[in-house]
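So the structure is just underneath, and the comments pick up after that.
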Amino acid sequence: MSSVEQVLKSPLHCWHGKSGGKMVDFAGWSMPIQYSSIVQEHNQTRNAIGLFDVSHMGRLWFSGADVESALDALTTRRIAGVAGGKIRYSLLTNDEGGILDDVLVYHLTGIDSQPFYMMVVNASNRAKIVAWLTEKFGDAAALEDRTAATAMIAVQGPKANAEVVKLTDLDPASLGNYEGATTMIGDVEVIVSRTGYTGEDGCELIVPAENATQIWEQLVELAGAVGGGVCGLAARDTLRLEAAMPLYGHELSEGINAAQASLGFAINTKGRQFPGKKAILAARKNESLRVRVGFVLEGKRAARENVPVVVDGNVVGKVTSGTFGPTVAKSISMGYIDRQYGEPGTQVQFDIRGKIHDGVVVELPFYKREA
Amino acid sequence: MALANTGISNERRGVKIVSVENYLFAESHEWAHVTDEGGDKVATVGISAHAVEALTDLVYMELPEVGSSVTAGESFGEVESVKATSDMYSPVDGEVIAVNSALPESLETLNDDPYSQGWIIKVKLSSEDSLAKLLDHAAYEKMCNEG
């Protein structure tokens, strides 16, 4: 074994290199940050189709007779009893209620009609979560990490599903939001889910690594014909920020209790047990803990990660991500703030490199697509 | 300024052609054009076409005050892009005698004409020592293409 850590590469790595992708290291992976202009990539996703290689995300398959209850014992959101075809956003928490990861749990039916569970985890947390799940499962369930054997492609935007259906046997638009299914692209079995990280309609495909480039190239051609195209991680970040979706390592971390993250919909405590449940219930009542909110700044200056949030000269919070939002055309941020200042409409200030800028706490999300 | 990635081709379309033969460039991608104005040496300072291309999606620029002093290698202002906030480092020592105050509201100028209309500040030089550390255009282009 080499002591030098190898940079991981997506099955689409060669394509990105040949196609003008600016490659950067992201969570140990070499991934495209952008191909052209971030704003152009952002806008094509809002208006037509954005294609994203998200193969760095971890993809774990589960097996075992007790897998449903084994998973349910570890997720903040109820997994037991969730119907086949459904996908649940959930948190994984440690005994202190700190957030280990935010994940999607898929309960799907294979082409062979057999039900199965899988999970998509963050690239930066994959090794940690694989070890944690393996230990917690014991003999109750088994885990197979198929990240390297597969690729994951997000096809996002108002025109996404209508183009994907030209390749897939199943129409992604026939799925409800946060539903998925196995289907065929030619003679290749793939997973299609009506999920994403942009605030747009669309779907995500999980495909065998060896077929990834061929499928990607077909999608590039289809998207290009309707005003869409490929996007890098930078546009993915501005899109998810406008949609107020949290990003692990920024809005979420082990140092943040799940109760602080304004993700109440993903925490089901009634009649359930999972790591950190007690600590999460206690944190909900702890007025001294900060909560996640959104901010809009006056002007075009962006309040980015670690910018202090100030009221009356006192630091009352901290920004976790921020940018100038191309669609909302405002300087937007998310962060954590002392609870008494968390109400939308509260005037706050930001200390950006020693200069004070005015802003306000706002309702999330910053951007919501028209239904 | 610190450019995380300089992997973008320097070949750009639509850029106004300005002779930059007499321009000097910092490795941090700022340029200085030194002229003689009534006995004073004055440097007009901006950022290179390569920097504009690499930053992409500029949204805002923070300029210094007229009358403030700048030091070679130290930040004289910031440029905000969708992706990041970047310092602009002064290539020269001296006093700011003019700023292009129209520029922050029309940053697209930098895409079209980074070497004349896209000037950022004018500095009356207090010393010419820093000029020796700057690159001529050919050396700067070579650095970008090798980077």
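Tell me, which helices (runs of 4 or more DSSP H) lie completely within the stretch A:3-120 with 1 or more residues that are among the hydroxyl-bearing types (Ser, Thr, Tyr)? Break it down stepwise before answering.
Details: elements: A:13-18, A:38-47, A:67-72.
Hits in the stretch A:3-120: A:38-47, A:67-72.
When the test is whether a residue is within 20 Å of B:SER81 (Cβ to Cβ) and within 14 Å of another protein chain (Cβ to nearest Cβ), A:SER30 does not pass it. Here A:SER262 qualifies as in contact (Cβ under 8 Å) with a residue 40 or more places away in the chain, farther than 22 Å from B:VAL82 by Cβ, hydroxyl-bearing (Ser, Thr, Tyr) and touching a Lys or Arg at 6+ places or on another chain (Cβ under 7 Å). Filtering the stretch A:1-28 to residues that are under 25 Å from A:GLY157 (Cα atoms) and within 17 Å of the chain's Cα centre (by Cα) leaves only A:PHE26.
When you check A:VAL165 against the structure, is it of a type outside the set (Ser, Thr, Tyr) and in contact with a Pro (Cβ under 8 Å, 6 or more places away or on another chain), yes or no?
Details: of a type outside the set (Ser, Thr, Tyr): yes; in contact with a Pro (Cβ under 8 Å, 6 or more places away or on another chain): yes.
When the stated conditions are applied, A:VAL165 passes them.
Name the residue that is farthest from the other protein chains (Cβ to nearest Cβ), counting only residues in the stretch A:306-343 that are assigned to a loop (DSSP other than H, G, I, E, B) and in contact with a His (Cβ under 8 Å, 6 or more places away or on another chain). Per the stated criteria, the residue is A:THR327. Within the stretch A:170-192, the residues that satisfy the criterion of being in contact with a strand residue (DSSP E or B) (Cβ under 8 Å, 6 or more places away or on another chain) and more than 30 Å from A:ALA65 (Cβ to Cβ) are A:PRO172, A:ILE185.
Of everything in the stretch A:237-261 that's within 12 Å of chain B (Cβ to nearest Cβ) and under 12 Å from the mean Cα position of the chain (by Cα), which residue is surrounded by the fewest Cβ atoms within 10 Å (Cβ to Cβ)?
Of the stretch A:237-261, the ones within 12 Å of chain B (Cβ to nearest Cβ) are A:237-239, A:241-242.
Among the residues that remain, those that are also under 12 Å from the mean Cα position of the chain (by Cα) are: A:237, A:239, A:241.
Numbers: A:ASP237: 20, A:LEU239: 30, A:LEU241: 27.
That would be A:ASP237.
Which residues, taken from the stretch A:285-309, are more than 26 Å from A:THR327 (Cα to Cα) and over 24 Å from the mean Cα position of the chain (by Cα)? Don't jump to the end; show me each part of the working.
Of all residues in the stretch A:285-309, those more than 26 Å from A:THR327 (Cα to Cα) come to A:285-290.
Those that are more than 26 Å from A:THR327 (Cα to Cα) and over 24 Å from the mean Cα position of the chain (by Cα): A:LYS285, A:ASN286, A:GLU287, A:SER288, A:LEU289.
Restricted to the stretch B:67-95, and to residues there that are closer than 26 Å to A:GLY325 by Cβ and assigned to a loop (DSSP other than H, G, I, E, B), the residue that is farthest from the other protein chains (Cβ to nearest Cβ) is B:ALA84. Hey, does the stretch A:344-355 have a residue that's within 14 Å of chain B (Cβ to nearest Cβ) and within 30 Å of A:LYS159 (Cβ to Cβ)? No; the residues of the stretch A:344-355 include none that is within 14 Å of chain B (Cβ to nearest Cβ) and within 30 Å of A:LYS159 (Cβ to Cβ).
Every read-out reported here was derived from the displayed coordinates using simple, explicitly stated rules and does not represent laboratory data. It should be emphasised that the depicted structure is a prediction, and the values quoted were computed from it without experimental measurement. FYI the Cβ positions are ideal-geometry reconstructions off the backbone, even for glycines, and counts take in every protein chain you see.
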